[in-house]
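> Next up is a structure, given as structure tokens.
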Amino acid sequence: MADVLVVEDEDAIREVVGYQLERYGHQVRYASDGVDALRQIQESLPNLVILDLMLPRFAGLDLLRVLREHSQVPVIIISARDTEADRLAGFDLGADDYLTKPFSVRELMARVQVALRHSPPRVEEEPEAPEETLTLAGGSLLLDLGRHEVRKDGRLLDLSPRAFELLTYLARHANQVRSRDQILEAVWGYAYGGDTRTIDVHVHAVRRKIEDEPRTPRHLVTVRQYGYKFVDE
Ligand code: CA
């Protein structure tokens, strides 16, 4: 059972989502504007936040930015805005998932289960992670898997948790092509039913950080009609 905060100003959506979460045995809190959401988060950190973007008083993305300054709690965005720029903005700020309205409640619940599985363990439960570092691109890229950090030429890059997992997965299979389905399963843990835009958006985000020329990537390359490959050279 998880403590879930639903931040949504539309009563009907808030009720439907909350009802399903409660049916799954979760404890649900509600906020109908950004200021109230922030107050509740500061009072007690939930295990998961479901976040609408267009909110009165304090926009969803601003809320996410503030939240990420001190917490890695999983966040699923639900939004009517569906451009790549919107998704990218959400993922860049550290959202774990992005669902476009209208969405099926069943799909939301599937993503809730995944997000909760990926939620970071509480500090006292954290197992001793083996210190592991991947050195790539002739030493210019360093992935610290224990700390979830990536550095380019010594400089710490700001990658969302999911973008970091994507990069790690491809780097572990360096110079091998991975299909979108393989990537979805490994990084997201389930199939999205054909929506591969989520991967593409994360790939763009990773390229913007690790590539010298993101438009003509040298390392994270597209293999047409198949998937992606990390070229380690
Ligand atoms: Ca709204």
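The values are calculated or read from the model by the stated rules, or taken from the named source; none is laboratory data. Not measured: the values here are computed from a predicted model. Every residue, glycine among them, receives a Cβ derived from its backbone with ideal geometry; neighbour counts consider all protein chains shown. Each accessible area value is taken on the protein alone, full model and side chains, heavy atoms only, with ligands, DNA and RNA left out. Shrake-Rupley method; radii C 1.70, N 1.55, O 1.52, S 1.80 Å.
> Straight-line reach from K101: which lysines have a Cα under 30 Å away, not including same-chain ones fewer than 8 places off?
Those lysines meeting the cut-off are K209.
> Rounded to the nearest percent, how much of the accessible area of the chain (1.4 Å probe, protein heavy atoms only) is carbon and sulfur?
The C+S portion of the solvent-accessible surface of the chain is 47 percent.
> Can you give me the orientation-averaged projected area of the convex hull built on the Cα atoms of the range 155-233, in nm²?
If I average the Cα hull's projected area over directions, I get 5.1 nm².
> Still on this structure, please answer the following. Residues of the chain: accessible area per residue at 1.4 Å, in Å²?
Spelled out: the 1.4 Å probe surface of the chain, per residue, equals 51 Å².
> Now for a different question. Given charges of +1 on the Cβ of Lys and Arg and -1 on the Cβ of Asp and Glu, with all other atoms neutral, how large is the dipole of the range 156-233 about its Cα centre, in debye to the nearest 20?
120 debye
> Please list log₁₀ I(q)/I(0) at q = 0.10, 0.12, 0.13 Å⁻¹ for the chain, using the Debye equation with identical point scatterers on the alpha-carbon positions.
So the normalised log intensities work out to -0.48, -0.69, -0.80.
> Once the convex hull of the C-alpha atoms of the range 1-68 is built, how many Å³ does it hold per residue, rounded to a whole number?
Dividing the Cα hull volume of the range 1-68 by its residue count gives 65 Å³.
> Something else now. Give me the dipole magnitude in Debye, nearest 20, for the chain about the Cα centre, with unit charges on the beta carbon: positive for Lys and Arg, negative for Asp and Glu.
640 debye
> In addition: Once you have the Cα-Cα distance between E22 and D62, take 0.36 nm times their residue separation minus that, and quote the gain in nm to one decimal.
Working it through step by step, the gained length comes to 11.7 nm.
> So which GluC sites (Glu not before Pro) in the range 68-108 are both in a DSSP loop and have at most 15 other Cβ atoms within 10 Å of their Cβ?
E69
> Another question, if that's okay. Of L48, V66, V35, which is farthest on the positive side of the dipole of the range 3-117, counting Cα position, with +1 on Lys and Arg Cβ, -1 on Asp and Glu Cβ, and the Cα centre as origin?
Farthest towards the positive pole: L48.
> Applying 1/(1 + (r/R0)^6) with R0 = 35 Å to the Cβ-Cβ distance of T100 and L156, what FRET efficiency is obtained, to the nearest 0.05?
The computed FRET efficiency comes out at 0.65.
> Let me ask you something else. Report the rotationally averaged projected area of the range 3-117 based on its alpha-carbon convex hull, in square nanometres.
For the range 3-117, the mean projected area of the Cα convex hull comes to 6.2 nm².
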